[in-house]
Amino acid sequence: MNKTIAVHGATGSQGRPVAQALTSAGHAVRPLARATGVDLLDRASLDVAYDGADAVVLQLPLVYDERVLAMADNAARAAEAAGVDHLVINTGGQMPPGPIGVPFVDARLHAAAADVPVVTVLQPTTYLENLSGPWSAPLVGEGVLAYPLPGDVPLAWVAAADVAIAVERAIARAAGGSFALPGQPATGHEVAAVLGRVLERPIGWESVAPDAYADMLRPHLGGHAADGTAAAYRMLAASPPAPLPDPSAARGALDWAPRDIATWARDTRWPLARAA
């Protein structure tokens with residue numbers, strides 16, 4: 001059944017693939033962004049935006065202070081008041097089972113507590129798009145894959161388009177619950193080797209300090225998001241490596257499986273010429 005679905009950040013790097021996947025499935029997508037007059041800090045704008053929507057897809061922005069808690073609470077209460085049937089939350093990363101006193105993390109848990117018939121929490125692992133963003137891609141063209149983690153640390157790398165597929169399937173199946181969405185496990189050195197083969201040029205992994213990574217992000221994301229992201233990577237680097245999540249729940253409930261890194265790299269438009 002085709003539905004009306006309000007999608008936060010529908011023009012952004014995470015929301016755009018979601019809007020495309022839902023539109024391709026025949027749904028009516030209602031894009032929500034500041035440009036359309038919707039502000040997560042303005043509850044009244046959410047009441048209007050959610051009115052008549054069957055589902056809401058929430059991707060909270062890169063806000064790291066207490067404002068993000070208000071954003072999450074506003075979204076949850078507006079979804080309840082509008083009679084939304086299904087709230088899908090893309091957490092943008094793995095979540096702890098309970099609050100930890102960090103607003104960026106706890107806000108996702110606040111949103112997931114919304115009292116609506118179906119709540120789906122999707123927890124992707126590290127986005128591959130971090131490697132192809134405008135702060136990274138020019139360096140890839142120079143043979144450098146710069147990232148604020150050691151090259152021998154295994155991560156599970158997932159594509160935004162694959163997370164969007166999980167969103168669409170969760171809505172189609174009214175699949176409530178929490179689902180890990182881990183991509184292909186690989187160390188940084190292994191990712192660099194795959195990109196090198198696809199782009200036909202030598203590419204090496206370079207571990208950069210979180211503050212240096214913030215400087216890379218700052219022109220594109222602004223100071224608050226850049227510094228908050230750097231702080232998150234400092235916290236990640238200081239913690240013991242987490243076990244890679246189990247994809248079996250998403251595989252079963254959503255019939256979900258991510259593409260591998262090489263396929264993602266071939267599908268990505270890189271702003272560089274192939275080496276001769």
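Quick note: the coordinates plus some simple rules give every number you see, no bench work behind them. Keep in mind that what you see is a predicted model, and the values were worked out from it rather than measured. Counting neighbours? That spans all protein chains shown, and the Cβs are built from the backbone with ideal geometry, glycine included.
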For residue 153 and residue 260, what does the FRET efficiency come to when R0 = 22 Å and r is the distance between their Cβ atoms, rounded to the nearest 0.05? 0.70
Starting from the Cα gyration tensor of the stretch 91-130, take the square roots of the eigenvalues, sort them a ≥ b ≥ c, and report rounded, prolate or oblate (rounded when a/c is under 1.5, otherwise prolate if a/b is larger than b/c, else oblate). oblate
For the chain, which longest stretch is free of loop sites, where a loop site is one of the trypsin sites (Lys or Arg not before Pro) that DSSP puts outside H, G, I, E and B and that has at most 11 other Cβ atoms within 10 Å? 1-268
Listed by chain and number, the residues whose amide H is under 5 Å from that of residue 7, excluding neighbours fewer than 5 places away on the same chain and using placed H, are 30, 32, 57
From phi via Karplus (6.51, -1.76, 1.60), per-residue ³J(HN,Hα) for the stretch 102-110 in Hz, x at Gly/Pro: 10, x, 4, 7, 5, 4, 5, 5, 4
³J(HN,Hα), Karplus 6.51/-1.76/1.60, whole Hz, each residue of the stretch 127-138, x for Gly, Pro: 6, 5, 5, 4, 8, 10, x, x, 7, 10, 4, x
Each residue of the stretch 112-122 in order: what ³J(HN,Hα) in whole Hz does its phi give by Karplus 6.51 cos²θ - 1.76 cosθ + 1.60, θ = phi - 60°, with x for Gly and Pro? 5, 8, 4, 8, 10, x, 10, 10, 10, 10, 9
Modelled FRET efficiency - R0 45 Å, residue 144 with residue 1, Cβ distances, 0.05 increments: 0.40
Which whole-number percentage describes the relative contact order of the stretch 4-267, with Cα contacts under 8 Å and a sequence gap of 6 or more? 17
In nm, to one decimal, how far is the residue 211 label point from the residue 25 one, both placed 7 Å along Cα→Cβ? 4.5
Helix 160-173: inclination vs the chain longest Cα principal axis, degrees, rounded to 10, gives 30
Once every DSSP H run of n ≥ 4 in the chain is given -39500 (n - 2.57) and the sum is divided by its residues, what mean residue ellipticity at 222 nm do you get, rounded to the nearest 500 deg cm²/dmol? -13000 deg cm²/dmol
